[in-house]
Amino acid sequence: MISLKNKFYTLNNGKLWQHYNNAANTRCNFYGVQYTSAIRFVFNEAPSNVKIFKTVNYEGANGWQVTSFRSDLTEPDLLGPGYINTQDIVGVLNGVGDPAIFSYMTGAYDDYGNSYPSTLYPPINRAGFDRKENKYMAVLMNKSEPNPEEISFGNEISGIKGYFAVVDMSLDNATDVGGPKELFAASCNYDFSVY
């Protein structure tokens with residue numbers, strides 16, 4: 001990496017590459033290849049306690065969606081060797097399926113079934129992130145399979161059980177395409193699990 005006269009350069013295959021050198025101010029373009037912004041982080045507060053992760057929240061620009069929210073393995077010894085009991089919500093990107101949690105704009109719809117952007121009616125409902133007190137918040141709905149001898153199970157409950165959770169977020173393909181998309185902080189609400 002080289003900085004010279006307020007310009008940033010790196011070397012790629014032995015050639016000097018100047019970053020931030022386009023008129024359109026294209027973001028996430030490295031060495032002529034366009035990438036999609038994505039981030040992975042871990043929620044691991046109180047790591048010795050099993051928690052029920054209830055919400056995922058972030059502060060930043062509109063346009064972020066959750067593509068995956070996964071907890072660690074929970075109680076594998078009770079279920080037999082090799083059994084993986086991962087509670088998660090997972091979406092699929094690139095036009096095949098939907099994200100796990102829609103962004104604020106792509107999750108908007110009205111009482112008539114119109115999705116955003118609708119020219120007939122303004123969106124009044126959200127399937128995904130909603131905005132409250134300058135923060136985007138979404139409730140986590142469990143999409144896991146029921147566990148043996150579970151009383152409340154599977155997708156009939158909200159929240160994801162685990163010691164920690166791994167979250168993947170990316171930008172949607174509809175909100176202010178090419179514009180800046182800051183992400184300042186991520187958080188979650190959780191309760192401690194009671195066995």
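Some points to look at:
- Looking only at the range 132-146, and only at residues there that are outside any strand (DSSP E or B) and surrounded by 16 or more Cβ atoms within 10 Å (Cβ to Cβ), the one that is modelled with the highest pLDDT: L140
- Residue list for the range 156-182, filter: in a strand (DSSP E or B) and crowded, with 17+ Cβ neighbours inside 10 Å: I160, K161, G162, A165, V167, D168, M169, S170, L171
- Residues that are assigned to a loop (DSSP other than H, G, I, E, B) and open to solvent by 70 Å² or more (accessible area, probe 1.4 Å) within the range 23-41 comprise A23, A24, N25, R27, Y31, Y35, T36, listed in sequence order.
- Qualifying residue in the range 42-57 (condition: aliphatic (A, V, I, L, M), assigned to a loop (DSSP other than H, G, I, E, B) and modelled with pLDDT under 70): no
- Evaluation of I84 against (1) within 26 Å of the chain's Cα centre (by Cα); (2) open to solvent by less than 80 Å² (accessible area, probe 1.4 Å); (3) of a type in the set (A, V, I, L, M, F, W, C); (4) at pLDDT below 90 (one fails), failing number: (2)
- When the criteria are applied in full, Y195 fails the requirement of being under 23 Å from V42 (Cα atoms) and either surrounded by 14 or more Cβ atoms within 10 Å (Cβ to Cβ) or at pLDDT below 90 (or both).
- Y104 being part of a loop (DSSP other than H, G, I, E, B), surrounded by 12 or more Cβ atoms within 10 Å (Cβ to Cβ) and modelled with pLDDT of 70 or more: yes
The values are calculated or read from the model by the stated rules, or taken from the named source; none is laboratory data. Small disclaimer: the values here were computed from a predicted structure and weren't measured. No Cβ is skipped: glycine too gets one built from the backbone with ideal geometry, and neighbour counts run over all protein chains shown. Just so you know, the surface numbers come from the protein's heavy atoms only, side chains and all, with ligands and any DNA or RNA stripped out. Shrake-Rupley method; radii C 1.70, N 1.55, O 1.52, S 1.80 Å.
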